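A.B. asks: Please see the structure below; I have some questions.
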Amino acid sequence: MTVSGGPLAVGPLTHAHALDICTWRYPPPYDCYDMTGSEPQALIDSGFHAVTVGDRLVGFRSFGTDGQVPGWDYDASALDTGGGLRPALVGQGLGREAIAAGLAFGREHLAPPAFRVTVASFNTRALRTVESLGFRRVGGFTATRDGRSFEVLVRPEA
């Protein structure tokens, strides 16, 4: 699947979007990001937003506790953000634009002092991408839910 038709936009997550996202499966080792088993209404209720090109859903962004992974001592000094791309679009260079669109949306609507992302340590593509957007590593930890290693990165907004 290729994406064309204009710039990425971030907006409300509809029920149809949420149903679609709940079918997303990624190849190993990225299968830890699978969205199958998620409840559509829970995505809507927990701060998920649609990333679209025109009327096509290409990804999602989230703000708040959804971006946190059990095992790190999160505080209120930054707003946690997370997200994902439609599996067919992963690895095509769209991640930087999708994250940047999410940051612009979060800056405009939530005005945090900083953004924080938590990325699986093996995910070198995502780590390179967020670092290219100004995020800096502040620590790492082992998740309590599955023993996976994660990196925590912060980007000040002030």
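The values are calculated or read from the model by the stated rules, or taken from the named source; none is laboratory data. All of these numbers come straight from a predicted model, not from anything done at the bench. Because the Cβ atoms are built from the backbone with ideal geometry, glycine has one as well, and the counts that use them run over all protein chains shown.
A.B. asks: State yes or no: is residue 81 out of contact with any Ser or Thr (no Cβ under 8 Å at 6 or more places or on another chain) and surrounded by 15 or more Cβ atoms within 10 Å (Cβ to Cβ)?
C.D. replies: It is false that residue 81 is out of contact with any Ser or Thr (no Cβ under 8 Å at 6 or more places or on another chain) and surrounded by 15 or more Cβ atoms within 10 Å (Cβ to Cβ).
A.B. asks: I'd like to know if segment 29-45 contains one or more residues that are over 17 Å from residue 115 (Cα atoms), of a type in the set (Phe, Trp, Tyr) and either in a strand (DSSP E or B) or out of contact with any Ser or Thr (no Cβ under 9 Å at 6 or more places or on another chain) (or both).
C.D. replies: Yes - at least one qualifying residue is present in segment 29-45.
A.B. asks: Being among the β-branched types (Val, Ile, Thr), surrounded by 17 or more Cβ atoms within 10 Å (Cβ to Cβ), under 14 Å from the mean Cα position of the chain (by Cα) and under 21 Å from residue 149 (Cβ atoms) is the requirement here; does residue 65 meet it?
C.D. replies: The answer is no for residue 65.
A.B. asks: I'd like to check which strands (runs of 3 or more DSSP E) are fully inside segment 61-153 and have at least 3 residues that are touching a residue at least 40 places away in the same chain (Cβ under 8 Å).
C.D. replies: Result: 114-120, 136-142.
A.B. asks: Going by the structure shown, is residue 96 in contact with a strand residue (DSSP E or B) (Cβ under 8 Å, 6 or more places away or on another chain), of a type outside the set (A, V, I, L, M, F, W, C), closer than 27 Å to residue 140 by Cβ and surrounded by 12 or more Cβ atoms within 10 Å (Cβ to Cβ)?
C.D. replies: no
A.B. asks: Is it the case, given these coordinates, that residue 129 is of a type outside the set (Lys, Arg), at pLDDT 95 or above and in contact with a Lys or Arg (Cβ under 6 Å, 6 or more places away or on another chain)?
C.D. replies: When the stated conditions are applied, residue 129 passes them.
A.B. asks: Can you tell me which condition residue 38 does not meet? The list is (1) surrounded by 14 or more Cβ atoms within 10 Å (Cβ to Cβ); (2) within 21 Å of residue 134 (Cα to Cα); (3) at pLDDT below 95; (4) polar (S, T, N, Q), and all the others hold.
C.D. replies: Exception for residue 38: condition (2).
A.B. asks: State yes or no: is residue 122 crowded, with 20+ Cβ neighbours inside 10 Å and within 15 Å of residue 33 (Cβ to Cβ)?
C.D. replies: So residue 122 does not fit the description; no.
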